[in-house]
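Inspection log for the structure reproduced underneath, given as structure tokens.
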Protein chains: 4
Amino acid sequence: MRILTAGESHGECICAVLEGFPKGVKLSEDFINEELKRRMSGVGRGRRMAIEEDKVEIISGLRNKVTLGSPIAMLVKNRDRKIFSQKKDNLASLSVPRPSHADLAGAFKYQESDVRNILERSSARETVARVCAGAVCKQFLNNFNIRIASFTVSVAKASSTRKPKDTAEIRSKTKSSKLNCIDREAERTMIAQIRKAECDKDSLGGIVEVWIEGLIPGVGSFMHFDKRLDARIAYYLMSIPAIKGVENGLGFEYAKRKGTSTHDAIFYTPGRGVYRKTNNCGGIEGGMSNGEVIIFRAAMKPIATLRKPLDSVNLTSGKAEKAIVERSDTSAIAACGVIAESMAAIAVQELFLDKFGQDTLGEIKANYQSYLKTVKQKLKRRK
Amino acid sequence: MRILTAGESHGECICAVLEGFPKGVKLSEDFINEELKRRMSGVGRGRRMAIEEDKVEIISGLRNKVTLGSPIAMLVKNRDRKIFSQKKDNLASLSVPRPSHADLAGAFKYQESDVRNILERSSARETVARVCAGAVCKQFLNNFNIRIASFTVSVAKASSTRKPKDTAEIRSKTKSSKLNCIDREAERTMIAQIRKAECDKDSLGGIVEVWIEGLIPGVGSFMHFDKRLDARIAYYLMSIPAIKGVENGLGFEYAKRKGTSTHDAIFYTPGRGVYRKTNNCGGIEGGMSNGEVIIFRAAMKPIATLRKPLDSVNLTSGKAEKAIVERSDTSAIAACGVIAESMAAIAVQELFLDKFGQDTLGEIKANYQSYLKTVKQKLKRRK
Amino acid sequence: MRILTAGESHGECICAVLEGFPKGVKLSEDFINEELKRRMSGVGRGRRMAIEEDKVEIISGLRNKVTLGSPIAMLVKNRDRKIFSQKKDNLASLSVPRPSHADLAGAFKYQESDVRNILERSSARETVARVCAGAVCKQFLNNFNIRIASFTVSVAKASSTRKPKDTAEIRSKTKSSKLNCIDREAERTMIAQIRKAECDKDSLGGIVEVWIEGLIPGVGSFMHFDKRLDARIAYYLMSIPAIKGVENGLGFEYAKRKGTSTHDAIFYTPGRGVYRKTNNCGGIEGGMSNGEVIIFRAAMKPIATLRKPLDSVNLTSGKAEKAIVERSDTSAIAACGVIAESMAAIAVQELFLDKFGQDTLGEIKANYQSYLKTVKQKLKRRK
Amino acid sequence: MRILTAGESHGECICAVLEGFPKGVKLSEDFINEELKRRMSGVGRGRRMAIEEDKVEIISGLRNKVTLGSPIAMLVKNRDRKIFSQKKDNLASLSVPRPSHADLAGAFKYQESDVRNILERSSARETVARVCAGAVCKQFLNNFNIRIASFTVSVAKASSTRKPKDTAEIRSKTKSSKLNCIDREAERTMIAQIRKAECDKDSLGGIVEVWIEGLIPGVGSFMHFDKRLDARIAYYLMSIPAIKGVENGLGFEYAKRKGTSTHDAIFYTPGRGVYRKTNNCGGIEGGMSNGEVIIFRAAMKPIATLRKPLDSVNLTSGKAEKAIVERSDTSAIAACGVIAESMAAIAVQELFLDKFGQDTLGEIKANYQSYLKTVKQKLKRRK
């Protein structure tokens, strides 16, 4: 499966193309739109979220709502277009790069003095395409009972220690949350922090946790370094703008602990098969799914655009100036969870298709069942 | 640039092939061997490290020690071979998977009951190939004054808060360290922890920090998610066996902080050009190098093989048994640093070649100089 | 550079996305539309060509007609849409596969009994996306004076032996041709053959020749088999529906000749530098451009859809039936030339960017000039 | 599956690494060595063929002759080594490029004046690695009764019109041939041509035909241009040094014919299922295998190195000189067949694994059988 995204923040639209997506998968546009809506929601969002109401248009790859096996192209129109894109615009040049953005490094890379030519593509608006792609992958994975959910673990210093039981609980609890949170009490403190930061014209980051439930053991591979499931998920999570850290299972906590108290011992009963009493490794051993829930956490830095702007320099005049102030969010932690789910879904589907083939859902299901039987036989042999 | 590694832990040899490596780069075998030696060193290593004395043999891609532009193939013979590999062996079947290893998930994936067929490739011995590849990339990067170094930040609960000035300091201080450490005091505590764990037949993990110094701004890209430098480095670091977490710059700490106090403001003086007073972002903004030192941290879980083995199950009999006890390290944190440097070097070179072409060192240098001039002009224009 | 195409023959639209296309390239939509028009033209086309009037819409990657370095997404609406695509359609099932099409093999591959689900994507309508992509690449290559043109060599038994001097001659002569031909006399016979076949409800193929002029020596590589310029061009030409043969330079004629009379001897004069008196190799030696004109020929089989349909079988009933008769062309040889040019342009640009970098046109030009100087020095040294 | 080859003509050895090759495939080294022997054989070979006796050494990926799923690395030592490779050599500089070789274009590309640095890798000796890789793929494909064979169709003006019945006939007839020929009479004329050319210090090319028998319908895809089976095979065949033309089925002959007389009508009987009476398309329709024998022809130019050397120029002095005379073959057409089979095997296996998964032979067989059942059901339904 190959994915390309296209589109600028204030251009015509955002676009995603998925090539190599199997035939025979029923896709719901409504589901994609709900995911897009989740991406726009959450306390702490700025004005644009009010302007936007993203609707996907699937322009290829489907017949009667079922995939054909051909590339799936999706468009989401930008409602907030400043007559950008291919027509001639007369937008003023932006020459003061914002710290923590792509602005300055991009200006060097592309020999650019108008930072607008950088920020149009580096904008997090591009994640709309990822959410579309992820929403399509989730619907594929759903056929194998693979469920992906996320929740906010912390915002600034407000954090939750509550652990959910499963993705069903995550979904039901986050559904009514304004911050993709499963912990009402912690949520209140988080919201308070965001309100405070809003007043201060400051911005905040946070931590999200992603769960992937129901993945059969043996997806991913230790045979070559770039095929490891943990590495692939880390790659895609780290590619989300503002994500600066990623961990699987105990993650950084592992570094402080001992082997005897962290490794997940293996147990077996004929009724239950092989199982673990712990899941410190977060569902991945040797670069493969091990059958337990896969758990990742990603750390987001505070939103880069500040309404109380930082020191910067005018690239044309060389004079010290305050950075451009663009409309901005105070916190996008709720959106971050949705995007992280999307990127996880893409990573998982890639390696899932590597194992089970890629042509039609029916065929993949047959291959999956046939493999599942060998997995179960391995258990049954032991009695 | 493409890299493939091959080889089993007790097979003939470990092999790395680099395709797309530029012509005209002088390569020192001695340097590769030193890196291999660094990989074997450190307090806490097991018996195999005494057996092994890895020497690279470069079998293609060179003439008179200078690269030809053709694929570079490297071999490192395994001294500890158990007549494995293509000849018929009579090794007893291993049927009790070790928790935290690839053993169980691999047994499912490959419908395998002899776990030896899994662990031979999933073994960290494979990282020998990565160190060879990384050592070759480091020598290329050296032509552009890009320097990569690492140090141990923590082992279990013993950690160092000392921050080095630059890679020169890291190298000079770690050279005389038994644990790739820049902090003698912390090192003593770390070693004490390892000795204690050795006595307890336990194992430990830790945190390493990797510095990449001298990289010009504009390497990596925000134009597509899989071209981001931070994502690529995270991908490759996370692909190292036992690594469970990766962070760039402030990393997870970012999640707790505010935008105004973390984003690295931009300053300028005609003499110095653009500069920062802080480097919280760890040298990467918008998925590109920004000219500051690139800093990553990776968290390693405790060594998976334990001499006080964990509960497991015999895959043939279904009976509960203790996991196989293979010869093992107590801590491999010093090696981890070397491997992390290697993977970082590969990631950086890939994206560096994307920007500057890939045919000959002379040509790449000319392209680099020509780009450097545009970077400097951007600064000069501002006066 | 990565390219994905999407879209079904009677879906919403055809789509192409180019990722990794350099910044700073001025693009003309008009030029793309002219190329699309060329693709629709030529004697022997069926009814659809009258219906269609393809217009490209560039929805991303541009600002004020200049590329931003971000992915370029292009759409061409299908005017002949049968309410296909994501809405519910009630089109009758097509169950008699057409020989020489993807229909039958596709029905097997995708476990499909309605052949419409195959032919919508396997249709040559998809080449609209390739022509868009190719037209964009041609505009990039134009900055380096690389010119690509094609002409029809034969239609059925009518063939031309006229050899053009250069691409300028090809363009000027084919411009006024109804069959992309440079030889008026041969053209008349070709057209006569097509008219005759039309009466007979038969179809014809032919041979096209593609010229790539102005490519600097050293693009492509012998260092790995998949980087050879000849192989890459053959790959992309052979991927055009209906193309069944590809040759470079003398091609199959080489097999009949002797080395002494075919290899292109090397000559030198201080004024002219290195040159050849012959170009039997068609501009490629050792998988690289050698500085001479690159010449490929591609053989097209007769159009697969026949108005006098062939024997086939109903996939539902198992009964022998005549194949479906869809509206069709008698000959599409003129279109074939345009598509072949497009695929050649894509192949050349891919390997060109590998050599010269890919970020901005300015940077690539500087790198190109710097390389050109070494090429010229090599000549100058010899005096 | 990914393949990298490495090695110079007079370096230590030639190397091939296959990554992503399935577990559980029994591999015979003897078979690989036989293929290597076939590559060295044939009337018209030069002195080196007498020196060489290539033996493969599989250094990873196997246990007890069965693949582990890990990368397979293979080495073939060069017996004719001129103390090249990583040690210091004192070989005289070669500065007169040979026409029709990579020499001149390579000298430009790599800013090189010693042509030896080009020809060591561009040498056809590299195809040793391809034959090793191909021999391994053939053994995999053999598990699915996919058989690949080749024969010489023509040498210069001597050609055979004999058509074999199947690959069994090809193999049995070519086994005793000195020229990989299935036609004793034509062979005699071919050999006579070669002997004559030897006397004349000239060289010859020819045409080989490759048959792939037993491939199930539906391998390859029309969903994206780079996934077409015909395109992939053409890519890999054209990447063989000296190959200048490739055609599938009727190939260039198609261009002269009419649709009604060339397209392969579809027939069906309950006993036989779907079948064709003709195979003009050479087993591929819509970029997929259609169940018939896949037939490709490749045209080889005369050997580039001539003992009666062509005009060239000394790159150092600028003086006209005759090209370097290296030891050489007069014809390598028999070897060409073996290499073409190898490249075809690699192409087929790549797309075969895309359809059926890639982890273990057992799993792939189960997936294959499950797909085969759907193929047969499609037939059975029709009665």
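The values are calculated or read from the model by the stated rules, or taken from the named source; none is laboratory data. Just so it is clear, the structure is predicted and the values come from calculations on it, not from any experiment. Here the Cβ is made from the backbone with ideal geometry for all residues, glycine too, and neighbour counts use every protein chain on show. Protein only, heavy atoms only, side chains kept; ligands, DNA and RNA dropped before computing areas. Shrake-Rupley method; radii C 1.70, N 1.55, O 1.52, S 1.80 Å.
Worth pointing out:
- Residue tally, condition out of contact with any Asp or Glu (no Cβ under 9 Å at 6 or more places or on another chain), facing chain A (nearest Cβ under 9 Å) and assigned to a helix (DSSP H, G or I), over the stretch B:94-124: 1
- Here C:K196 meets the list (1) open to solvent by 30 Å² or more (accessible area, probe 1.4 Å); (2) in contact with a Gly (Cβ under 6 Å, 6 or more places away or on another chain) almost entirely, failing just condition (2).
- Qualifying residue in the stretch C:264-285 (condition: farther than 30 Å from D:K109 by Cα, open to solvent by less than 40 Å² (accessible area, probe 1.4 Å) and among the aliphatic types (A, V, I, L, M)): no
- The residue list B:K173, B:K163, B:K157, B:K201 contains one member that is within 14 Å of chain A (Cβ to nearest Cβ) and within 26 Å of B:G249 (Cβ to Cβ), which is B:K157.
- For the stretch A:100-126, a tally of residues being more than 22 Å from B:V274 (Cβ to Cβ) and crowded, with 24+ Cβ neighbours inside 10 Å returns 1.
- Members of the stretch A:220-231 that are buried (at least 24 other Cβ atoms within 10 Å of the Cβ) and within 7 Å of chain B (Cβ to nearest Cβ): A:F222, A:M223, A:F225, A:R228, A:D230, A:A231
- Looking across the stretch A:1-12 at every residue that is farther than 17 Å from D:H224 by Cβ and surrounded by fewer than 24 Cβ atoms within 10 Å (Cβ to Cβ), the one that is nearest to the other protein chains (Cβ to nearest Cβ) is identified as A:E12.
- Restricting A:S203, A:S289 to those that are among the polar types (S, T, N, Q), open to solvent by less than 30 Å² (accessible area, probe 1.4 Å) and touching a His at 6+ places or on another chain (Cβ under 9 Å) reduces the list to A:S203.
- All positions within the stretch D:299-332 that are within 16 Å of D:L237 (Cα to Cα), facing another protein chain (nearest Cβ under 9 Å) and of a type in the set (A, V, I, L, M): D:A299, D:M300
- The sole residue among A:I182, A:I266 that is more than 8 Å from chain B (Cβ to nearest Cβ) and among the β-branched types (V, I, T) is A:I182.
- Any hit, the stretch A:206-219, residues being open to solvent by 10 Å² or more (accessible area, probe 1.4 Å), within 7 Å of chain B (Cβ to nearest Cβ) and modelled with pLDDT of 95 or more: yes
- Candidate set from the stretch D:241-263 (those that are more than 7 Å from chain C (Cβ to nearest Cβ), open to solvent by 10 Å² or more (accessible area, probe 1.4 Å) and of a type outside the set (S, T, Y)); member that is farthest from D:N180 (Cα to Cα): D:E253
- Contact annotation: residue pairs with Cβ atoms under 6 Å, 6 or more positions apart or on different chains, pairing a residue in the stretch A:56-71 that is of a type in the set (V, I, T) with a partner that is assigned to a loop (DSSP other than H, G, I, E, B) and open to solvent by 10 Å² or more (accessible area, probe 1.4 Å), are A:I58/C:Q86; A:I59/C:E12.
- Residue list for the stretch B:318-333, restricted to those being more than 31 Å from the chain's Cα centre (by Cα) and not in a loop (DSSP other than H, G, I, E, B): B:A320, B:E321, B:K322
- Filter result for C:N180 (at positive phi, touching a residue at least 12 places away in the same chain (Cβ under 8 Å) and crowded, with 24+ Cβ neighbours inside 10 Å): yes
- Filter pass, B:T167 being polar (S, T, N, Q) and surrounded by fewer than 24 Cβ atoms within 10 Å (Cβ to Cβ): yes
- Each residue in the stretch C:345-383 was checked for being at pLDDT below 95, in contact with a strand residue (DSSP E or B) (Cβ under 8 Å, 6 or more places away or on another chain) and open to solvent by 10 Å² or more (accessible area, probe 1.4 Å), and 2 pass.
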